[in-house]
Every structure is written in C-alpha cells, then in structure tokens.
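In what follows, a single structure is set out as structure tokens and then discussed.
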Amino acid sequence: MKKRKLIIGSRGSELALWQADFVKKQLEKSDKNLEVEIKIIRTKGDKILNKSLSKIGDKGLFTKELENELFKGSIDIAVHSLKDLQTELPEGLILAAVTKRHPVEDVLIARKKKTTIDSLREGAVVATGSLRRKAQLLHLRPDIKIVDLRGNVPTRINKFLESDWDAIILARAGVERLNLKKYISSYISVDEILPAVGQGALGIEVKEDNYDAIEILESIHDFDTYVETAAERSLLKALEGGCQVPIGAYAKKESNGLYLDAVVASLDGTITFRKKARGSSANPEALGKTLAKDLLRAGARKILSDIKSNG
C-alpha cells in the first residue's frame, strides 16, 4: 500500500524543530502508513532579533510566513507554540489540534541552585523578553532591575552565562524539552507568576478544507488541553491583548468544572488586577469572556488603554 504523505511547516529554532519532530513521531506512531516530512520556514520574529517583541508589535510575528505556506499548499500543517498563535486566525485557516500540555510554569535560571525570586539579592538584574514576566516580577520585587532578552532558548541561556546578570526567566516547557533542565535554579509557582496564554501546549494550524490533515490530527488532539487553552485564548481575545500587553492566564479542567485564573498588570508592575472564575468545560470561551469582563470592570480597562495610547 502506498504511504500517505504529510508535510509539517516549522520554524528553524531548536525548540521549534523539537516540537515539529515530536508531532511527526506521534503521528507516525498512530498511523504506520503515514510518512511525515518537516519543512523549515523562517518567520519575521526569527529575523528581527535586535528589538523586543513588544516593540515589533506584529500579531503574526512567528506565524505569518507559515500561514502563507499553508495557503500555497506547500505544507499541510503548521506546528506552533500555542502561545505564539494569534487568537484571530486568518480566514480559511483553523486550529485543528492542540497537544497535551507540558507543565506551564516559568523557571528561574540563576548562578546558584535553589535561588528563588524571593532569595535574589536586593537590586538584582534579571533578563526577560516578556512584558508579562517583567510586570509580574516587578509586582513581587519592585527593587529588581529588568534587562531585555531575545533569542531562542539555548541562545538566551548562553547570553546569561556570559553576562553579569543575576538571573533570567524562561518557560519550563522549552527548557525541559531541550534537555536543559540542569540550568534551572527554581520553578516559579503560578501563584507568583501566571504563564502566557497557551503556554506549554502546541497548536496545529491547517487549511479548513484540508480534510485529510484534519482527520490525521485527531490522534494527537488532547481534549482537556484544548478546553483549558480555549478559555485562556477567549480571555486574551476579549482583552485584545498580545505581546504588547502584560496578561497572564492559566485554566485547569477539574472534575467539578473549569477554573480560570488571570492577571492584567501595568508595565511597571505597580498595578495588577488578578481574578479567578469557574465555568463549564462545555463552554470554555464563555468563561474566558466572563473573566475578561470582570477584569475590565475592576480597572484593567485603564491599564490596557494607557498601554495602547503610549505604544
């Protein structure tokens, strides 16, 4: 029998290739008659490394070129870190599958093992490229000095090792997937810093009329992760947030419902609005919208409009 073929589009970073290869192996394991190929595509976010993500301000920073290849038909599926995938997809494309989530926490990489946010010295210098991390970190430790950090995971760790910074913050998922766990000093609880929307999950985008690919992807779609991230993405969409806005969110599906915890913070961390809500797993989008409205009513609307008007 002739093998079916599927082409994955992926960014070229080590982490992106790990993700694409993970999806490839999972798909080939579930269908022995399937041959999967990976095609590397460079995105705008990979090319511009001298500016912070918030200053580039492009919604499709890590996705647009992959989406163009989907439309052209040169790839069948695009594998993204779900946190990079915009909440509003171009017409004709759908989020066909979400993989089982890796633990969502951020991690602190410091000079000594067991260093925590609390135990960093007074006036410590911490590097991060994320406004979400910066705002929440400054809320916990206003004395800390933040420097900007871009690049893929190994590059960021190497920059830290060659610097005089006290620490950097990265996503646990990326560090552990690349077998760089030895550098982790401590795990940052979601009670301290909420993750990015969709953190730890992979999102797989396809053309809505590519029925073969959609059917093939059913084998790696994780329903619980989909429900959790759908609530988070709905909240982000309702808040009209992106890289330029410090928003964190984490949803967890439990036996008695779906729980969503979210924060909107000012850039300097002095003002934060954090709220939780419980809803139904049957309608995660409604939970996201409800919590977004609660945050806006509480005062997040002013933070968001101030950031946008100063951007």
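The values are calculated or read from the model by the stated rules, or taken from the named source; none is laboratory data. Because the structure is a prediction, the values reported are computed rather than measured. Cβ sites come from the backbone with ideal geometry, for glycine too, and all protein chains shown count toward neighbours.
Assorted remarks:
- Picking from residues in segment 148-188 that are without any contact (Cβ under 8 Å) to a residue 40 or more places away in the chain and within 15 Å of Asp106 (Cβ to Cβ), the one that is surrounded by the fewest Cβ atoms within 10 Å (Cβ to Cβ) is Lys181.
- Scanning segment 116-153 for residues that are farther than 21 Å from Arg177 by Cβ and polar (S, T, N, Q) yields Thr116, Ser119, Gln136.
- Meets criteria (farther than 25 Å from Leu178 by Cβ, of a type outside the set (Phe, Trp, Tyr) and at pLDDT 95 or above) for Leu70: yes
- For segment 75-93, filtering for residues that are within 19 Å of Gln19 (Cα to Cα) and either of a type in the set (A, V, I, L, M) or touching a Lys or Arg at 6+ places or on another chain (Cβ under 7 Å) (or both) leaves 7.
- In segment 1-12, the residues that are polar (S, T, N, Q) reach residues that are assigned to a strand (DSSP E or B) and surrounded by 12 or more Cβ atoms within 10 Å (Cβ to Cβ) with C-beta atoms within less than 7 angstrom, at least six apart or across chains, in these pairs: Ser10/Ile38; Ser10/Ile40; Ser10/Val79.
- Which listed residue is touching a residue at least 12 places away in the same chain (Cβ under 8 Å) and in contact with a Leu (Cβ under 6 Å, 6 or more places away or on another chain), from Glu218, Glu228, Glu205: Glu205
- Ile216 vs. criteria at pLDDT 95 or above and either on the phi > 0 side of the Ramachandran plot or not assigned by TED's automatic domain parsing to the domain that holds Leu295 (or both): yes
The rows are residues; the columns are (1) among the β-branched types (Val, Ile, Thr); (2) without any contact (Cβ under 8 Å) to a residue 60 or more places away in the chain.
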| position | (1), (2) |
| --- | --- |
| Ala286 | no, yes |
| Lys293 | no, yes |
| Leu304 | no, no |
| Ile307 | yes, no |
